[in-house]
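We did not get these values from a lab; they are worked out from the coordinates using the rules stated. Bear in mind the structure is a predicted one, so any value in this text is a computation, not a measurement. Because the Cβ atoms are built from the backbone with ideal geometry, glycine has one as well, and the counts that use them run over all protein chains shown.
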Amino acid sequence: MMLLYAACIAGGFVLLSIGADALIRGSVRLSLRSGISPLVIGLTVVAFGTSTPELFVSLKANLGGSGDIAVGNIVGSNIFNIAVILGLAALIQPIRVQSQLIRQDVPVMIAASLLFYVMVFDREVSRIEGIVLFTLLIGYIVLTIRQARQGGEDELAEEITHHMPAATTRPIGDSAWIIGGILLLVGGSQLLVQGAVGLAREAKVSEAIIALTIVAAGTGLPELATSIAAALKKESDLAVGNVIGSNIFNLLCIGGFSASIKPLRAPDIEAVDLSTMAVLAVLLLPVLRIGMRVGRIEGVLLLASYGAYLYYIWPVPH
């Protein structure tokens, strides 16, 4: 049975990755046709699109009564984004962020991480708390769009524009990409959650641990692909901006929206999980805000921290 559940998880990852890519492709092209600037699209549409696997998985898990998977996916994804994705990106190409927009978003990510830490510390995020998170997301998006329009072109704008596809004159085709992507995301999340729950029961470990590790790493594949591709092209601002934007969306959008629909209850999420997420977020402030360099040594340390975290939380068989 464990092989069957593992196959369900793998199949879910594939469907989620393809679905997220299709949704982003259609949404970006529709947005370009509407005259929205590539920078605004990159900071909103693309950032949201790469987080859609986490959104669908957490929403499905929460509605199905698996709150530990829903919250574990959010917390684990944020840890994975910083420790693994940024760590690998720094190994490929040392990072120095130039964009003022990203440096401004780092405090937002830290504040969101600390707020989510406080909300989940009692192992429950209520509907009111979910509404607060989602309201903060709307405010963040409005502020980001306003700053992007006032700030003009900078390094991030150039890198995002370079990755934007050309606008098309086929709205029906773009809509088909969006609809198809959503259907794949729904199917992939269903398959992944079923596999994760089954694997946790067969392996006799908590659903929270499966979500914090396997599920989080799998749903982070779109962010991983985007940041690694940007690092290979020496586009540091895009590589880091993708991670920071995704973490903010995970906390405010996925956490907020899921809890607004149904309160999130995660009894098996531990303080060490929340603390690891918050500490990694805070550590990025001196690195990216002050302008210090994220080199290969720092990349190795980030990856090592993730290895240490996995070693600590994963149960040792007796």
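Return a whole-number percent for the relative contact order of region 164-318, with Cα pairs under 8 Å and 6 or more residues apart as the contact set.
Values: 40 pairs, mean separation 27.7, N = 155.
Relative contact order comes out at 18 percent.
Excluding residues on the same chain fewer than 8 positions from Lys60, give the lysines whose Cα lies under 28 Å from its Cα.
Lys204, Lys262
If packing is taken as the average count of other Cβ atoms within 10 Å, what order do 55-61, 6-12 fall into, highest mean first? Intermediate results must be reported in sequence, preceding the final value.
Working: 55-61: 26.4, 6-12: 17.7.
In descending order of packing, they fall as 55-61, 6-12.
Answer with one residue from Ile24, Ile82, Ile210: the one whose Cα lies farthest towards the positive end of the charge dipole of the chain, charges on Cβ with Lys, Arg +1 and Asp, Glu -1.
Most positive-ward Cα: Ile24.
In 10 Å bins starting at zero, report the fraction of Cα pairs in region 1-81 per bin as a rounded %.
Here the calculated profile for region 1-81 is 17, 38, 30, 12, 2, 0.
Please name whichever of Leu280, Tyr306, Ala239 sits farthest to the positive end of the charge dipole of region 229-317, dipole taken about the Cα centre and charges placed at Cβ: Lys and Arg +1, Asp and Glu -1.
Farthest towards the positive pole: Ala239.
From the Cα gyration tensor of region 1-141, with a ≥ b ≥ c the square roots of its eigenvalues, which class applies: rounded if a/c is under 1.5, or else prolate if a/b is larger than b/c, or else oblate? Write out the running numbers ahead of the final one.
Details: a/c = 1.38, a/b = 1.18, b/c = 1.17.
Taking the square roots of the gyration eigenvalues as a ≥ b ≥ c, region 1-141 is rounded.
By Kyte-Doolittle mean hydropathy of at least 0.0 and Cα axial length of at least 15 Å, which whole DSSP H helices of the chain are selected?
Answer set is 2-33, 52-63, 67-80, 100-120, 127-151, 171-203, 221-232, 236-249, 271-284, 296-313.
Collect residues whose amide H, placed 1.01 Å from N in the peptide plane, falls under 5 Å from the amide H of Ile95; neighbours closer than 5 in sequence don't count.
Here the answer is Val294, Gly295, since their amide H atoms fall under 5 Å of that of Ile95.
Note down the net charge around Ser77, summing +1 for each Lys or Arg and -1 for each Asp or Glu among other residues with Cβ under 10 Å from its Cβ. Present the calculation step by step, with values, prior to reporting the outcome.
Working: positive: none; negative: Glu54, Glu223.
Within the 10 Å Cβ shell, the charges total -2.
Taking the Cα centre of the chain as origin, sum charge times position over the Cβ atoms of Lys and Arg (+1) and Asp and Glu (-1), and report the length of that vector in debye to the nearest 20.
On the way: 20 positive and 22 negative charges, 77 e Å.
Once rounded to the nearest 20, the dipole reads 360 debye.
Of the labelled options (1) 267; (2) 222; (3) 118, which one gives volume of the Cα convex hull per residue in Å³ as computed for this structure?
So the calculated entry is the one marked (3).
Using packing as a proxy for protection, rank 237-246, 62-71 so that the peptide with the highest average count of other Cβ atoms within 10 Å comes first.
On the way: 237-246: 27.2, 62-71: 24.6.
Going from most to least packed, we get 237-246, 62-71.
Would you please put 191-199, 73-81, 109-117, 122-130 in order of how densely packed they are, using the mean number of other Cβ atoms within 10 angstrom per residue and starting with the highest?
On the way: 191-199: 23.2, 73-81: 29.4, 109-117: 20.8, 122-130: 16.6.
Ranked by mean Cβ neighbours within 10 Å, highest first: 73-81, 191-199, 109-117, 122-130.
With +1 assigned to the C-beta of every Lys and Arg and -1 to the C-beta of every Asp and Glu, and no other charges, what is the dipole magnitude of region 228-318 about the Cα centre in debye, to the nearest 20?
On the way: 7 positive and 6 negative charges, 49 e Å.
Once rounded to the nearest 20, the dipole reads 240 debye.
Could you grab the relative contact order for the chain? Cα pairs under 8 Å, six or more apart, rounded to a whole percent.
Once divided by the residue count of the chain, the mean separation gives 43 percent.
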